Amino acid sequence: GAGVSQSPSNKVTEKGKDVELRCDPISGHTALYWYRQSLGQGLEFLIYFQGNSAPDKSGLPSDRFSAERTGGSVSTLTIQRTQQEDSAVYLCASSPPTSGSGEQYFGPGTRLTVT
Amino acid sequence: LAKTTQPISMDSYEGQEVNITCSHNNIATNDYITWYQQFPSQGPRFIIQGYKTKVTNEVASLFIPADRKSSTLSLPRVSLSDTAVYYCLVGDHQAGTALIFGKGTTLSVSS
């Protein structure tokens, strides 16, 4: 079946612009996670959704970052007034309702470059 | 969250068995041990998860001693395509718990 998909695959934007990153989780997966990975670094947790609600937003680095999820499916991560330090690969993952969070299925990521 | 320690890098040759050990001295009773694999320019991929003793699937085996303070991911007969970063994660992994990835172990397989 289809895996997690993300769009765009690459995004180059100018400093100060807003960007929207999209994640389509695997159908039926109720949990959705956003992470980011800077070059040569491990993954940094950003936010978690269970259905449409976000019980854990603790990883969002600043109030420029926000995310929403609609219909228990698609999620959008928005970064306002982008800064160069926002450049990273943004990864989305989902997990099925029958498992804990240990088994997450990741998308290919969106590579964001802020110039 | 239990802290994990794993080697920064490992080298191997095609056809060999590779064992990557992860230390997690502060593992809690409810914690599971999970391993992920990540290729360049891709998201991590779940490999295997276990709680105690031995778990085996079509990709790898996971050995966990009785004290659970360490675990060993075993990759049988590696090939060039197994060159990747391997992450050991420990946590109760209840729904909603974020996965905490460290730096992982970079495995390089040569011919």
Just checking, how many residues over segment A:40-66 are surrounded by fewer than 16 Cβ atoms within 10 Å (Cβ to Cβ) and in contact (Cβ under 8 Å) with a residue 24 or more places away in the chain?
0
Tally up the residues in segment A:47-67 that are modelled with pLDDT under 85 and in contact with a strand residue (DSSP E or B) (Cβ under 6 Å, 6 or more places away or on another chain), please.
2
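Does B:Leu62 qualify as being under 27 Å from A:Thr30 (Cβ atoms) and modelled with pLDDT of 95 or more?
yes
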Considering residues of segment B:82-105 that are touching a strand residue (DSSP E or B) at 6+ places or on another chain (Cβ under 8 Å) and farther than 18 Å from B:Thr5 by Cα only, the residue modelled with the lowest pLDDT
B:Ala95
Is it the case that segment A:86-98 has a residue that's surrounded by 14 or more Cβ atoms within 10 Å (Cβ to Cβ), of a type in the set (Asp, Glu), modelled with pLDDT under 95 and farther than 25 Å from B:Thr105 by Cα?
no
Quick check on A:Ser94: is it touching a residue at least 40 places away in the same chain (Cβ under 8 Å) and among the polar types (S, T, N, Q)?
yes
Selection from segment A:76-103 of residues that are more than 9 Å from every other protein chain (Cβ to nearest Cβ), within 30 Å of B:Asn30 (Cα to Cα) and of a type outside the set (Phe, Trp, Tyr)
A:Ser94, A:Pro96, A:Thr98
Hey, A:Val89 hits all of (1) free of Cβ contacts under 8 Å to residues at least 60 places away in the same chain; (2) in a loop (DSSP other than H, G, I, E, B); (3) under 19 Å from A:Leu39 (Cβ atoms) but one; which does it fall short on?
(2)
Among the residues of segment B:39-58, write down those that are within 22 Å of B:Lys103 (Cα to Cα) and among the hydrophobic types (A, V, I, L, M, F, W, C).
B:Phe39, B:Phe46, B:Ile47, B:Ile48
For A:Gly71, which of the numbered conditions (1) small (Gly, Ala, Ser); (2) part of a loop (DSSP other than H, G, I, E, B); (3) surrounded by 14 or more Cβ atoms within 10 Å (Cβ to Cβ) fails to hold?
(3)
By my count, strands (runs of 3 or more DSSP E) wholly in segment B:2-61 with at least 1 residues that are on the phi > 0 side of the Ramachandran plot are B:53-56
Of all residues in segment B:95-111 being facing chain A (nearest Cβ under 8 Å) and in contact (Cβ under 8 Å) with a residue 12 or more places away in the chain, which is farthest from B:Asp11 (Cα to Cα)?
B:Leu99
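The values are calculated or read from the model by the stated rules, or taken from the named source; none is laboratory data. Given the structure is predicted, the values throughout are model-derived calculations rather than measurements. Cβ sites come from the backbone with ideal geometry, for glycine too, and all protein chains shown count toward neighbours.
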